[in-house]
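Accompanying notes for the structure given below.
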Amino acid sequence: MKRRKFIKKASLSGAGIALGHTLMSCNENAENKLVTPVTTSTTSSLPLVIATWHVENATAKAMEVLQAGGSSLDAVEQGCRVEEANEKGQSVGKGGLPDRDGKVTLDACIMDKHGNCGSVVFLKDIKHAVSVARKVMENTPHVILAGDGAKQFAISEGFEPENLLTEASKEAWEEWNLKSEYKPIINIENHDTIGMLAIDKNGDISGACTTSGLAYKMSGRVGDSPIIGSGLFVDNEIGACVATGLGEEVVKTVGSFLVVELMRQGRTPQQACEEAIGRIVNKPNSNYKDFQVGYIAVNKKGETGSYSIHQWFSMTKFQDGKNEQIQSDFFNKTKAT
Ligand code: SD4
């Protein structure tokens, strides 16, 4: 997930667009691979997996699990682990960009077909945050573990602590530190989360989300990604949704739960994602031009949808032997190039 080159190529200007840039960005190969904006897919061929952004290696891993008859839960965990281990991706796991004190802190969650869920927030030194979240779900009576407690729990479960700050991320932080300009909004230094949803051969849905959060965030800041209902929600009767972008805005509208509830009321995944973005941008005095939010969703029939505030958000979808990046439709067309 190396997106910076793409960011440079996207010659948008103006502060608002620049602020949303990184979260609108995608892989350097994006120009060759993007296809026309998706509306709603109506094929229900299973299994299928979708993920935020351009993460074909991760969706390929998840599909391998699904094709072998594995559960959607195993698929989303294994898929997310690919990006957590990818040191070049500065958005999740090892190599994630640090907070403003130079510490990499991770947020992740996972949710299964029964509505069970687990999450970790402000986790340090353990790269596979999504797997720790799964252990919280399966091996504790709790849903969320935070900080030192989450780390201690992970170690007790056999996870090896390691330094997650790579040289590249350290250098980026040192460069940022020269000005230490702190803006609690998505800006050019910020980056992308992986959220993944899968339906297995039995038709059961699971989801996961993992991130290092906003780059150079305040120490202790937690976004939407590990918050069940905001960053992720799964209802095996209805469908699932996962979010990316400025977590504060997703939390304020309980975005993923909203999308699933809208699907329950009869909206397609695409309509539900659009309406949930509408809740953000249509608020009185919304400064949506300054930040990005994107949703992807799937329903029980295997229909999918994705939508974002600004251009350049994309979804990776693996279904029927095709693993492809799909450009998301978006709200702010007036500023599009
Ligand atoms: C957060 N939603 O921590 C995450 C950041 C993100 O792509 O999605 N970046 O607010």
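Each reported figure results from applying straightforward, stated rules to the coordinates on display, with no laboratory input. What you see is a predicted model; the values in this text were computed from it and never measured. Positions of Cβ are backbone-derived with ideal geometry, glycine not excepted, and every protein chain shown enters the neighbour counts.
Put simply, the C-alpha atoms of segment 97-173 give a gyration tensor, and the ellipsoid matching it has half-axes of 25, 12, 10 Å, longest first. Between their Cα atoms, which of LYS135/LYS201; LYS124/LYS317; LYS170/LYS333; LYS94/LYS135; LYS88/LYS317; LYS88/LYS289 are more than 27 Å away from each other? Listed pairs above 27 Å: LYS124/LYS317; LYS170/LYS333; LYS88/LYS289.
Modelled this way, with points 7 Å down the Cα-to-C-beta line, the labels at ALA68 and SER45 are 2.3 nm from one another. Listing TYR216, TYR307, TYR295, TYR288 from fewest to most neighbouring C-beta atoms within 10 Å gives TYR288, TYR216, TYR307, TYR295.
Return the FRET efficiency for the residue pair ARG264, LYS201: r is the Cβ-Cβ distance, R0 is 22 Å, and the value is rounded to the nearest 0.05.
On the way: r = 24 Å, r/R0 = 1.09.
In this case the efficiency is close to 0.35.
For segment 172-290, what is the relative contact order in percent, using Cα pairs closer than 8 Å and at least 6 residues apart in sequence? Display every interim value, and only then the final one.
Numbers: 179 pairs, mean separation 22.9, N = 119.
Relative contact order comes out at 19 percent.
Each of GLU160 and THR140 was given a label point 7 Å from its Cα along the Cα-to-Cβ line. The distance between the two points is 2.3 nm. A Förster radius of 35 Å, combined with the Cβ-Cβ distance separating LYS88 from SER286, puts the computed FRET efficiency at roughly 0.55.
Sorting GLU174, GLU56 from the fewest to the most surrounding beta carbons within 10 angstrom yields GLU174, GLU56. Counting every other Cβ atom within 10 Å of each residue's Cβ, ILE144, ILE205, ILE126 order from fewest to most as ILE144, ILE126, ILE205.
What is the packing order of peptides 281-287, 49-55, taking the mean over residues of other C-beta atoms within 10 Å and listing the highest first?
Values: 281-287: 10.4, 49-55: 29.3.
Ranked from most to least packed, the peptides come out as 49-55, 281-287.
By the gyration tensor of its Cα atoms, with a ≥ b ≥ c the square roots of the eigenvalues, what is the shape of segment 210-292: rounded for a/c under 1.5, prolate for a/b over b/c, or oblate?
Details: a/c = 2.69, a/b = 1.37, b/c = 1.96.
Note, shape of segment 210-292 comes out oblate.
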